[in-house]
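Chemist: Structure below; questions to follow.
The values are calculated or read from the model by the stated rules, or taken from the named source; none is laboratory data. All values derive from a computational prediction rather than experimental measurement. A quick note on method: Cβ atoms are made from the backbone with ideal geometry, for glycine too, and the neighbour counts reach across all protein chains shown. In case anyone asks, the SASA skips ligands and DNA or RNA and just uses the protein heavy atoms, side chains included. Shrake-Rupley method; radii C 1.70, N 1.55, O 1.52, S 1.80 Å.
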Amino acid sequence: MADLPDLYLIADMAPDLVDALEQRFTVHRTDPPATTRAICGGGSSVVDAALIDQLPALEIIAINGVGYDGIDVAAAKVRGVRVTNTPDVLTDDVADLAIGLWLAVERRIAANDAAVRDGGWNVPLARQASGRTIGIFGLGRIGHAIARRAEPFGGEILYTARSEKPVTWRFVPDITALAAACDVLILAAPGGTGTQRIVDAAVLAALGSEGVLVNVARGSLVDQGALVAALETREIGGAGLDVFADEPAVPEALKTMPNVVLSPHQGSATVETRAAMAALVLANLDAHFSGKPLPSAVV
């Protein structure tokens, strides 16, 4: 039997996926040899130019997630290294969570649950969700899915993207103007240098004292210090956060705020979707090593 190709595993994966990788590859978790032909990582993994240069036999980087902002795609392209991710299969789950976080903030679901568990009953009034104007920053696959889910609530849907799309929702070219025009600002754009801390103090001020921020994209999109300050002073009304600037660290101040709902980066975390993501990771790797077209290539 021929030696299995070397693969560098740089993130924790589900046991079933690890087992499948170990059937196909010699898996290294540290000190990858120069003969490494594949890297497998998660959506928050970092593969920089130095690591790519360190592995002269590298052929493919397979990401188990939709985000790949930690991958130096330009360096990979120069070296002829393919990069894949797992789009589409997680779109519905992330969009569902975005709506869930919004409703949890508006209707005080987490705060009321804690109150009842603590023996309470009389709690502050919540905010009505129906009829609210929803602003979506980033109208890719996930942004579209969020907008479709938000439509039945009866409010106007606004969006900001790189360019205007052929949709019925209203385009707003600037995120600050988007925040000023909406009641709920949902972040669904990719991470990276172009969106680094794009939600700053000015955007939060524009969102206003009754506005809600929901982030199911990347923690890097938000100036986290400015967000904490805006929540502490009630400059905005609340936040539903699935992602953070320095995961898994979460600012202690956020943990004590009843108008904030926190989730540990669970956008794609359902049994069904994680299985589909793992299958797509394997499909990309299998296709590459058998010389077939990649199902979901970035480059």
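Chemist: For residues in the stretch 50-75 being of a type in the set (Gly, Ala, Ser) and either farther than 14 Å from Tyr8 by Cβ or in contact with a Lys or Arg (Cβ under 7 Å, 6 or more places away or on another chain) (or both), which is surrounded by the most Cβ atoms within 10 Å (Cβ to Cβ)?
Modeler: Step by step, filter the stretch 50-75, then rank; the result is Gly67.
Chemist: Okay, next question. For the stretch 145-188: of the residues being among the aliphatic types (A, V, I, L, M) and assigned to a loop (DSSP other than H, G, I, E, B), which is surrounded by the fewest Cβ atoms within 10 Å (Cβ to Cβ)? Walk me through how you get there before you give the answer.
Modeler: Here is the first cut: in the stretch 145-188, the ones among the aliphatic types (A, V, I, L, M) are 145-147, 150, 157-158, 161, 167, 172, 175, 177-181, 184-188.
Still in the running and assigned to a loop (DSSP other than H, G, I, E, B): 161, 167, 172, 188.
Details: Ala161: 18, Val167: 14, Val172: 21, Ala188: 27.
Among those residues, the one meeting the criterion is Val167.
Chemist: Taking the stretch 78-89 as the search range and keeping residues that are out of contact with any strand residue (DSSP E or B) (no Cβ under 8 Å at 6 or more places or on another chain) and not in a loop (DSSP other than H, G, I, E, B), which one is surrounded by the fewest Cβ atoms within 10 Å (Cβ to Cβ)? First the steps, then the outcome.
Modeler: Pass one, the stretch 78-89, residues out of contact with any strand residue (DSSP E or B) (no Cβ under 8 Å at 6 or more places or on another chain): 78-80, 87-89.
This time we only want the ones that are not in a loop (DSSP other than H, G, I, E, B), so: 78-79.
Values: Val78: 11, Arg79: 16.
If we take residues in the stretch 78-89 being out of contact with any strand residue (DSSP E or B) (no Cβ under 8 Å at 6 or more places or on another chain) and not in a loop (DSSP other than H, G, I, E, B), then Val78 is surrounded by the fewest Cβ atoms within 10 Å (Cβ to Cβ).
Chemist: Right, next: Within the stretch 239-246, can one find any residue that is among the acidic types (Asp, Glu) and open to solvent by less than 10 Å² (accessible area, probe 1.4 Å)?
Modeler: At the first step, the residues of the stretch 239-246 found to be among the acidic types (Asp, Glu) are 242, 246.
So of that shortlist, the ones also open to solvent by less than 10 Å² (accessible area, probe 1.4 Å) come out as 242.
Taking every residue of the stretch 239-246 in turn, at least one turns out to be among the acidic types (Asp, Glu) and open to solvent by less than 10 Å² (accessible area, probe 1.4 Å).
Chemist: Give, as residue ranges, the strands (runs of 3 or more DSSP E) completely inside the stretch 193-299 that count at least 2 residues that are in contact (Cβ under 8 Å) with a residue 12 or more places away in the chain, farther than 18 Å from Gly42 by Cα and not aliphatic (A, V, I, L, M). Step through it out loud before you land on a result.
Modeler: Details: elements: 212-215, 238-241, 260-262.
Correct list: 238-241.
Chemist: Counting only residues that are assigned to a loop (DSSP other than H, G, I, E, B), open to solvent by less than 70 Å² (accessible area, probe 1.4 Å) and farther than 12 Å from Ala145 by Cβ, how many does the stretch 90-118 have? Spell out how you get there, then give the answer.
Modeler: Keep residues of the stretch 90-118 that are assigned to a loop (DSSP other than H, G, I, E, B), which gives 90, 107-108, 118.
Imposing the further condition that a residue be open to solvent by less than 70 Å² (accessible area, probe 1.4 Å) reduces the set to 90, 108.
Of the ones still in play, those that are also farther than 12 Å from Ala145 by Cβ are 108.
Number of matching residues: 1.
Chemist: Taking the stretch 45-74 on its own, how many of its residues are closer than 24 Å to Ser220 by Cα and in contact with a Gly (Cβ under 9 Å, 6 or more places away or on another chain)? Can you show your working first?
Modeler: The initial filter retains those residues of the stretch 45-74 that are closer than 24 Å to Ser220 by Cα, namely 45-52, 61-74.
Among the residues that remain, those that are also in contact with a Gly (Cβ under 9 Å, 6 or more places away or on another chain) are: 45-48, 61-71.
Residues flagged as closer than 24 Å to Ser220 by Cα and in contact with a Gly (Cβ under 9 Å, 6 or more places away or on another chain) within the stretch 45-74 amount to 15.
Condition check ((1) over 26 Å from Ile71 (Cα atoms); (2) in a loop (DSSP other than H, G, I, E, B); (3) open to solvent by less than 70 Å² (accessible area, probe 1.4 Å); (4) of a type outside the set (Lys, Arg)) across all residues:
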residue	(1), (2), (3), (4)
Leu125	yes, yes, no, yes
Gln128	yes, yes, no, yes
Gly135	yes, no, yes, yes
Pro190	no, yes, no, yes
